[in-house]
Amino acid sequence: MFHPLIDDLTKLKDQELENKISELTKKYFTATRLGQGLAANQIVMILDSIKMEQERRRVEAAQKAQNSPKRDGFDDLIKIG
C-alpha cells in the first residue's frame with residue numbers, strides 16, 4: 001500500500017522503521033483520545049505501509065538464509081592435516 005505522505009521506506013534502516021512505528025503509535029493514540037478520527041485513520045494507513053515494509057524485509061532475509069549454503073559452524077574449528 002502506498003501512502004502519499006511517506007517517503008521511500010526502502011531507504012530507511014530497520015531501527016528507523018521501528019522508531020517511526022513507535023512515534024506514529026503514540027500519535028495514533030493521541031488522535032483517538034482527541035476524537036480526531038480522520039487523522040487516526042491516516043496514521044493507521046501509514047503504520048500499515050511501514051509494517052508491510054518490515055514484513056517484506058523479514059521475508060527477504062528468510063529467503064536469503066534459506067538459499068545460502070548450510071554451515072554448521074564447525075568448519076573453522078576442526079582442522080585436519
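The values are calculated or read from the model by the stated rules, or taken from the named source; none is laboratory data. All values reported here derive from a predicted model rather than from experimental measurement. All Cβ positions, even for glycine, are placed from backbone atoms using ideal geometry, and neighbour counts span all protein chains on display.
Residues in the stretch 19-37 include none that are exposed (fewer than 10 other Cβ atoms within 10 Å of the Cβ), modelled with pLDDT under 85 and among the basic types (Lys, Arg).
Okay, residues lined up against (1) basic (Lys, Arg); (2) exposed (fewer than 10 other Cβ atoms within 10 Å of the Cβ); (3) at pLDDT below 90; (4) out of contact with any helix residue (DSSP H, G or I) (no Cβ under 7 Å at 6 or more places or on another chain):
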site: Pro4; (1), (2), (3), (4): no, yes, yes, yes
site: Gln42; (1), (2), (3), (4): no, no, no, yes
site: Gln54; (1), (2), (3), (4): no, no, no, no
site: Asp72; (1), (2), (3), (4): no, yes, yes, yes
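Of all the numbered requirements in (1) in contact (Cβ under 8 Å) with a residue 12 or more places away in the chain; (2) closer than 15 Å to Glu53 by Cα, Asp8 misses one, and that requirement is (1).
Residues that are under 17 Å from Asp7 (Cα atoms) and without any contact (Cβ under 8 Å) to a residue 12 or more places away in the chain within the stretch 23-34 comprise just one, Glu23. Listed by first and then second residue, the pairs with beta-carbon distance under 8 Å, at least 6 apart or on different chains, first residue in the stretch 35-52 and among the small types (Gly, Ala, Ser), second crowded, with 17+ Cβ neighbours inside 10 Å and at pLDDT below 95, are Ser49/Leu9.
Taking the numbered list (1) out of contact with any Phe, Trp or Tyr (no Cβ under 9 Å at 6 or more places or on another chain); (2) surrounded by 14 or more Cβ atoms within 10 Å (Cβ to Cβ); (3) not hydroxyl-bearing (Ser, Thr, Tyr) in turn, Arg58 passes all entries but (2).
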